[in-house]
Structures are given as structure tokens and as C-alpha cells.
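Heads up: the structure comes next, in C-alpha cells.
The values are calculated or read from the model by the stated rules, or taken from the named source; none is laboratory data. Predicted model only: the values in this text are computed from it and were never measured. For neighbour counting, all protein chains shown are included, and Cβ atoms are generated from backbone atoms with ideal geometry for every residue, glycine included. The protein model used for the area step is the full one, side chains on, heavy atoms only, and it has no ligands, DNA or RNA in it. Shrake-Rupley method; radii C 1.70, N 1.55, O 1.52, S 1.80 Å.
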Amino acid sequence: MLTSFFGKSKPVNGIVITLFLILFFTIANFRSWFLDFELLNFLENFVVLVCLILSVFILNFIAKKNELTQRSAYKILFFAIFSASFFSLLKNHQVIFANLCVLFALRRVISLQTKKVVQRKIFDATFWICIASLFYFWAILFLVVVYAGIIYYLPKAKNWLIPPIAALTVTLLTQSFHIIAYDQFYTLGEWFQWNYFDYSNYQDPKILIPISIILALALWSLVQFFSVVNKASVSVKASLNLVLLSLLTAVGVAIFAPTKDGSELIFFFVPLSIIVSIYFDQKSDKVFREVLLALLILMPLCIPLLF
């Protein structure tokens, strides 16, 4: 029943998933939103919620526009489930803003396959990743995906020079804003975030259990993903390879993240949602997929109650 409902892409699917995200975001931020009510804080939380919901629909647009998955609601459902499983993520405004910017960048990189206005797309992708790094420094690692897109689609020498120009543009805009707003320069120390290889937070069952389930699901789905990549057309294969590279880059971001509390995994959830969706789009193992989907939906519901 669940696979039949989410196996189609209809407005009602988007509404249900949006309400699901709103519910969990409200629960996670209940204290700051209502008990310690301040108007500016309330508005900030509202903007963050809008950005999180917007991320869902941009992910859906990327997958549909580039034919990465079939026309189902699985990818946005999985992104919502994974995100809702970590209240620390729903409370971390910086990673939500950064992830939205990275999504804007991935949209431009994957669309390079059309080979139209490529210089603008490379500039835009780099621009958004640099903006993302202002919110969450290690998002800068996604520049690897931009250069991979250049190699896949248009490996001309002049295209390699566009990312540094875009990065310089963000630098000048950031410095100008800080001089006007704060009468001081934006320093490297404010931008850079030291990484601490302290994974002790992962021992908390509220983090360990969902991470274990999600990683097991990722390994299981990757088997089907590689099979689909081998059968895909040249253009789709390149796009799927960029999705895989995004997944690996997100692992790097999580490793170097300054705080290991689950919020750093949001970048991992975007490509993973596409990969898991490809598995669920297959027609085989219907009973297994039905049970698995039910368990995944229950995961964010049960963990806060049990721990």
C-alpha cells in the first residue's frame, strides 16, 4: 500500500511529505519556537523551515528534470525521513541553509549535460557552493563535483578558470557586505571551521541507530544503483556518476565536520535519497520493499519515544 502511494508522483504526495517535515521540525524546535518565544527567533525558524521544504522540491526537480529516477515520490520521502530522524539536524540552521545552496549548485552541475550556457552554469554552481561554505565551511568540498562536471561534459581549458572567478566574486561580495554592515573585514578565521575527529556523540542511541539503519540501506541500494548505471545511456550515466561523487563528497564533509551530532549528514541524504529511490523504483521484491518502507517511516517516529 505504501509503495503504491509513494510510487507515484502526485501533488498529494508532496503535501503529505511537507506536512511530515513540518510536524518533525515543529517538535524539534518546539521550545525555541513557542516556550521561549521571541518574534525574531520565530521568524528565523520559519525561514529555516521554508528552506528545508524548498530543499525537498529542488531535489525532486533535479531528479525529474535529469531523469535520475522514475516519476515517484520516493526521493523526497527518503530525504524527509532521513532528516526527521535527527533532531540535531532540524535545529541546525546553518547546515539547512548550506544544503539548500549545495542543491542549487548540483542542479546547475548536472544540467551541464545539455551543453547550453555552460560557462554560466559553472559559475553559478561554484557561486552557490562558496555561499554554502559561508554557512558551513566544509561544504566547500563540493567544488570537487563542479570540476568533475567540467571533466565529464566540457573539459576545455577556459572552463577550468571559471570556478576561481566565481569564488573571487563571492569573496568580494562577502568583504563588501562586512565592511558596510560591520565596518570590518571578514577574516579567514571566521570562515574556516576546525575539524575534530571526535565521534563520541555517535555512541548515543538516538544517533547510532538511525545512522546504522541508513548506512545499511545505502550499502543495499548501491548494489542496484551500480546495475542501473551500467545500463543507463551515456548522458544519464554521467549524471548518476555525479550523484555517486556527491555521496562520496558528503562522506568527506561528515568526516571533517567540526561537530558530529548527525546534522552533518544532511549533505549525505540528498544523493542517498536518489540512490535509494532507484532501488525502490524497481518492481521486484514488492513485499520486502513494503515492509522496509514502513520501518523507515516508523524510524523517526520511534527513536524519540524510545530514547
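A Förster distance of 35 Å, applied to the separation of the beta-carbon atoms of D198 and Q282, puts the FRET efficiency at 0.35. When all protein chains stay in place and ligands, DNA and RNA are ignored, the 1.4 Å accessible-area order of E190, E290, E67, E264, largest first, is E67, E190, E290, E264. Between the stretch 226-272 and the stretch 132-169, what is the separation of their alpha carbon centroids in Å? Cα centres, the stretch 226-272 to the stretch 132-169: 16 Å.
Farthest towards the positive end of the charge dipole of the chain, among the residues T3, I140, L154, is the Cα of L154, using unit charges on the Cβ of Lys, Arg, Asp and Glu. When the Gaussian network model of the chain links Cα atoms closer than 10 Å, the mean-square fluctuations of L39, L143, L77 top out at L39.
Given R₀ = 35 Å, what would the calculated FRET efficiency be for T259 paired with W160, taking r from the Cβ atoms and rounding to 0.05? The pair T259/W160 has a calculated efficiency of 0.55. Exceedance of the 32 Å cut-off in Cα-Cα distance is limited, within the set K65/K158; K115/K231; K64/K158; K91/K116; K8/K158, to K91/K116; K8/K158. Phi angles of the stretch 62-78 translate, via the Karplus equation with coefficients 6.51, -1.76, 1.60 and θ = phi - 60°, into HN-Hα couplings of 4, 5, 6, 4, 9, 6, 6, 9, 6, 7, 10, 9, 4, 4, 6, 5, 5 Hz per residue; Gly and Pro are given as x.
Could you sort R289, R71, R107 by their accessible area in this structure, using a 1.4 Å probe and putting the largest first? Write out the running numbers ahead of the final one.
Numbers: R289 15, R71 165, R107 85 Å².
Ranked list, largest accessible area first: R71, R107, R289.
Reported to the nearest whole Å, the Cα centre-to-centre distance from the stretch 18-41 to the stretch 47-120 is 22. Normalised per residue, the accessible area of the chain is 48 Å², obtained with a 1.4 Å probe and no contribution from ligands, DNA or RNA.
Taking label points 7 Å from Cα along the Cα-to-Cβ direction, N41 and L54 give a separation of 2.4 nm. List the chymotrypsin sites (Phe, Trp or Tyr not before Pro) in the stretch 196-263 that DSSP assigns to loop (not H, G, I, E or B) and whose Cβ has at most 12 other Cβ atoms within 10 Å. Which are they? Qualifying residues, ordered by number: Y196, F197, Y199. The label-point distance for I180 and C302, in a model that sets each label 7 Å from Cα toward Cβ, rounds to 5.3 nm.
Leaving out ligands, DNA and RNA, what percent of the accessible area of the chain is carbon and sulfur, probe 1.4 Å?
Numbers: 10480 of 14830 Å².
Reported share for carbon and sulfur atoms: 71 percent.
Please give every one of the aspartates and glutamates within straight-line cross-link reach of K237, meaning a C-alpha to C-alpha distance under 16 Å, and leave out same-chain neighbours fewer than 8 residues apart. Correct list for K237: E67. The residues C130, C302, sorted by heavy-atom accessible surface at 1.4 Å with ligands and nucleic acids left out, run C302, C130 from largest to smallest.
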